[in-house]
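Novice: Have a look at this one.
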Amino acid sequence: MFEEFRKEVFEILKMAEENIEMNDLEEPKEGFGDLAFPCFPLAKIYKKRPDEIAKQIRENLDEGKFDLIERVEVVGPYINFHLNYNRFCERFVKYRFKPFGKGKILLEHTSMNPSGPVHVGRVRNALIGDSLKRILKYVGYDVDTHYYVNDMGKQIAMIAWARRKLKPKKELREMYKDYADKEDFETMFYYVAANEYLEENPDEMKEVDELLLRAESGDKDALHELRSVASYCIKGQRKILERLGIEYDSFDYESKYVENSDVKKVIENLKRSRYFKEENGAIGLDLQSFGIERRGGLVVIQRSNGTSVYLTRDIAYHLEKSKKSDYIINVLGEDHKVEAEVLRTVLTNILGVRTPIESIFYSFVNFKGLQLSTRRGLTAPMDLLIDQSVEKALQEIEKREFIKEKKENIAETIGIGAVKYHILRTGITKPINFTWEEALSFDGDAAPYLQYMHARACSILRKADGYRFKEARVEHPSEKRLLLSLSKFGDALKRSVEERSPHHIANFCYRVCTSFSAFYRDCPVLEAESPTRETRLFLVERSRDIIKDSLNLLGIDAPERM
């Protein structure tokens, strides 16, 4: 809704001065209007003082076209536009968000190695991907989410071999005793056993290599064995992902593209390319003309023993994806930038794929004083973090004036929300310095605070038992701040879509909740006289709806009672 005010201000200014762009408008400090235009850029054009230009433009504004603008003031080099809050509120009552997304997006996210439990470092991918799915669907796109299962890697072959040959250490089962029977933890135990044994007995690695070679050569028994190992681990990973509210439309196994010969077709097609090159028995592509260099100048697509590499299988996978969607989006760690560029270059510049392929890179989660290593059995599993967060939520429910009925369900909602919000509130390109204390915090910029504001709004509306809005009366500064905050939902959505980062929604929701908290403190609702009462009830109702929508876009539940 705020974009309508911004558009009006821009059009009014544009009629008086043509050298103005929408991005020139600023949101000033409180007390200096609701939008401002700084005249500094025009001073360079006209060789005049910016305050003189501001006065001249103000004189040329057509006040007869003011609608949402109440008044305009010049303060030094700034032209400050004040919002007509009553008219804006009445317009906001009728306002409904208009979806703008068109087309089908195939969104791949999570896609972690099936070698152990979901840990805090990798869950950022899943949380970003799930939130983006929700945001993109909200704005109108048709979105399918896919999980690419790497069941052809050496670590999967090691686990398969270990399940036949070794027994995991009892110490590991004891370390993770509450989760030891879970499929993904059991898989990690075998992975650790394989690493430790093969480091001491490297000659036996040849059996692992032989299994992998058979699989990559298309041997159905070997492919089935590797796929079974990966599927077993995924079964355990899905349990915690589903507990987090994350679902997928498809799990796509890497081995499929070897088994159905799609990889062979990719290699044959690339062999006909002018970028094809053979070296020491291996075949690959020379991509130096695209600015991509490899040691020896070769991007390998098939080893000298005739087996494919991960890149080749990924190409086959993306060729399939391109036939099912209008856009492809992949959520990847920042350490995959080079590989993603190689993949995109081969698909678009050599194989002629026209479907846009976009990679979203996120920075990693750092753990103070903790070096994670799945191969060593050192991990920070989400299972443990969520259980601890839910336990802390139970303790907070007992301490505070929360409802005690169904407290376990409420604790689950609050505990999961706390962890998800802690990760999603940070821009995806910024690293997160993770600490257990911050993730489990229930104060300040945290999901429990946002959930409580939603529950408080629901409580007011239950007590009001309905209302009929006739005219707006927005007078108190806290009413104005809340109305203004709520009206910027569309801006937050747009930025999240454009930048592919859910943190704009998280930050927006926190600002709304702080505004709502001040409004609740300063502006009695049920005791107010008409039309103030109806105006405030509308603000409460719209706060409830927007906080709920924002939390849902982050994959966080919004309880009606707490």
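Novice: Could you list all residues from segment 213-253 that are assigned to a loop (DSSP other than H, G, I, E, B) and out of contact with any Lys or Arg (no Cβ under 8 Å at 6 or more places or on another chain)?
Specialist: Ser217, Gly218, Asp219, Gly245, Ile246, Glu247, Tyr248, Asp249
Novice: Name the single residue, out of those in segment 95-123 being in contact with a Leu (Cβ under 9 Å, 6 or more places away or on another chain), aliphatic (A, V, I, L, M) and more than 20 Å from Asn366 (Cα to Cα), that is surrounded by the most Cβ atoms within 10 Å (Cβ to Cβ).
Specialist: Looking at the filtered set, the residue picked out is Leu107.
Novice: Still on this model: With respect to the numbered conditions (1) within 22 Å of the chain's Cα centre (by Cα); (2) part of a loop (DSSP other than H, G, I, E, B); (3) surrounded by fewer than 24 Cβ atoms within 10 Å (Cβ to Cβ), which one is the sole condition not fulfilled by Glu560?
Specialist: If we test Glu560 against (1) within 22 Å of the chain's Cα centre (by Cα); (2) part of a loop (DSSP other than H, G, I, E, B); (3) surrounded by fewer than 24 Cβ atoms within 10 Å (Cβ to Cβ), just (1) comes out false.
Novice: Listed residues Phe92, Phe81; which is in contact with a Lys or Arg (Cβ under 9 Å, 6 or more places away or on another chain), outside any helix (DSSP H, G or I) and surrounded by 19 or more Cβ atoms within 10 Å (Cβ to Cβ)?
Specialist: Of Phe92, Phe81, the one residue that is in contact with a Lys or Arg (Cβ under 9 Å, 6 or more places away or on another chain), outside any helix (DSSP H, G or I) and surrounded by 19 or more Cβ atoms within 10 Å (Cβ to Cβ) is Phe81.
Novice: Still on this structure, please answer the following. Which residues, counting only those in segment 133-159, are surrounded by fewer than 24 Cβ atoms within 10 Å (Cβ to Cβ) and small (Gly, Ala, Ser)?
Specialist: Scanning segment 133-159 gives Gly140, Gly153.
Novice: Which of (1) of a type in the set (Ser, Thr, Tyr); (2) in a helix (DSSP H, G or I); (3) over 30 Å from the mean Cα position of the chain (by Cα) is the odd one out, the single condition Ser515 does not satisfy?
Specialist: (3)
Novice: Return the only residue of Lys239, Lys235, Lys277, Lys321 being at pLDDT 95 or above, charged (D, E, K, R) and farther than 30 Å from Phe185 by Cβ.
Specialist: Lys321
Novice: Could you check segment 442-477 and list, in sequence order, the residues that are surrounded by fewer than 20 Cβ atoms within 10 Å (Cβ to Cβ) and polar (S, T, N, Q)?
Specialist: The one that is surrounded by fewer than 20 Cβ atoms within 10 Å (Cβ to Cβ) and polar (S, T, N, Q): Ser459.
Novice: Looking for something among the β-branched types (Val, Ile, Thr), within 20 Å of Val353 (Cα to Cα) and surrounded by 22 or more Cβ atoms within 10 Å (Cβ to Cβ) - is there at least one such residue anywhere in segment 258-275?
Specialist: Yes, segment 258-275 has at least one match.
Novice: I've got another one for you. Is it fair to say Arg533 is surrounded by fewer than 22 Cβ atoms within 10 Å (Cβ to Cβ), under 17 Å from the mean Cα position of the chain (by Cα) and on the phi < 0 side of the Ramachandran plot? Full working, then the answer.
Specialist: Details: surrounded by fewer than 22 Cβ atoms within 10 Å (Cβ to Cβ): yes; under 17 Å from the mean Cα position of the chain (by Cα): no; on the phi < 0 side of the Ramachandran plot: yes.
No.
Novice: Could you check how many residues of segment 15-59 are assigned to a loop (DSSP other than H, G, I, E, B) and basic (Lys, Arg)? Write out each step before concluding.
Specialist: If we filter segment 15-59 for residues that are assigned to a loop (DSSP other than H, G, I, E, B), which is where we start, we get 17-21, 25, 27-34, 39, 47-49.
Those still in the list that are basic (Lys, Arg) too: 29, 47-49.
Here the count works out to 4.
The values are calculated or read from the model by the stated rules, or taken from the named source; none is laboratory data. This is a predicted model, so every value here is computed, not measured. We place every Cβ from the backbone using ideal geometry, glycine too, and count neighbours over all the protein chains shown.
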